[in-house]
Structure formats: C-alpha cells, structure tokens
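The values are calculated or read from the model by the stated rules, or taken from the named source; none is laboratory data. What you see is a predicted model, and the numbers here were worked out from it, not measured in a lab. Don't worry about glycine lacking a Cβ; one is built from the backbone with ideal geometry, like all the others, and counts go over all protein chains shown. To get the accessible areas, we keep the full protein, side chains included, count just its heavy atoms, and leave off ligands, DNA and RNA. Shrake-Rupley method; radii C 1.70, N 1.55, O 1.52, S 1.80 Å.
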Amino acid sequence: GLARGLPPSLRALKLQTRAARVVFDWPEIDQVLDKIKEDSEELAVELASENKDQTRIHDEVGDLLFVAVNLARKVGVDPETALQNCNLKFESRFNYVEEQVISKHKNFKDVSLDVMESYWQNAKAYDHKQTSD
C-alpha cells in the first residue's frame, strides 16, 4: 500500500515503521548496530571475493543502507534530513580541501591522499570548534 514513487530512503522508513507497528522490529539499538556490522562484514566478503558478483555487492550495499535507515528511525532521526545535513557538511569540508590544494599546490595530481586527508581533518576540527563555540 505504499507509493512506489517515494524516494528510496523514505519508502524504507515507511516500510520499517509499518513493520514495527506489528512488532516486527528489533527491541534494542544494539541489535540494529549488530546488523550493521553483519551487513558490513557480508559486503566486505563480497568485495574481497576473487569473482566479484556485482549483483551480490549491489544487494549487500542495499541491505546496509536499509538497516542504516532503520537505525535512524530507532533513534528518532529523519534519515532524509540526516543525509541532507551530511551532504552539506561533506560539501563544505571538501570545498576547504579544494581551496587548500588549489592555493598551495595548484593541481590535485600533485597532492597525495595523505595531504588531502590532513586538510580534511583541519576542516573537521574547524567544524567541531564552530559547533562547540
């Protein structure tokens, strides 16, 4: 009875909410976190497989996203808003990394991932300082 045209994370949220109404739900947050670990491990196995099966990898990523939506629901967080905020945070931090690379190195090809990671950490520290002020 749910519209198929809903964004996938919203549809997942509604499916999980409906299932929870009939008590088809994990009662404890730790169980959801355990499921995330389990799904992450299953994905890691697929990725490490010599004969990578893209269908299975696709399914495992989907399982991981679905349970992440469930975790959001369990802790009272709207997954759409959380992802939107995460996108904005990533964009802001990555913009900082870009600015640093361009101003100090001129070209991304000339910069190691370690250097870019240090800029990323600086951006995170700045974000953290801003939210704690």
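List of remarks:
- Of all the criteria given as (1) under 30 Å from Ala123 (Cβ atoms); (2) part of a helix (DSSP H, G or I), the one not satisfied by Lys14 is (1).
- Options Glu50, Glu42; residue that is assigned to a helix (DSSP H, G or I) and either touching a Phe, Trp or Tyr at 6+ places or on another chain (Cβ under 7 Å) or among the acidic types (Asp, Glu) (or both): Glu42
- Qualifying residue in region 80-93 (condition: free of Cβ contacts under 8 Å to residues at least 12 places away in the same chain, in a loop (DSSP other than H, G, I, E, B) and open to solvent by less than 70 Å² (accessible area, probe 1.4 Å)): no
- In region 28-38, residue nearest to the chain's Cα centre (by Cα) [restricted to those that are open to solvent by less than 100 Å² (accessible area, probe 1.4 Å) and free of Cβ contacts under 8 Å to residues at least 40 places away in the same chain]: Ile36
- Checklist (1) touching a Leu at 6+ places or on another chain (Cβ under 7 Å); (2) without any contact (Cβ under 8 Å) to a residue 24 or more places away in the chain; (3) open to solvent by 60 Å² or more (accessible area, probe 1.4 Å) applied to Glu42, failing item: (1)
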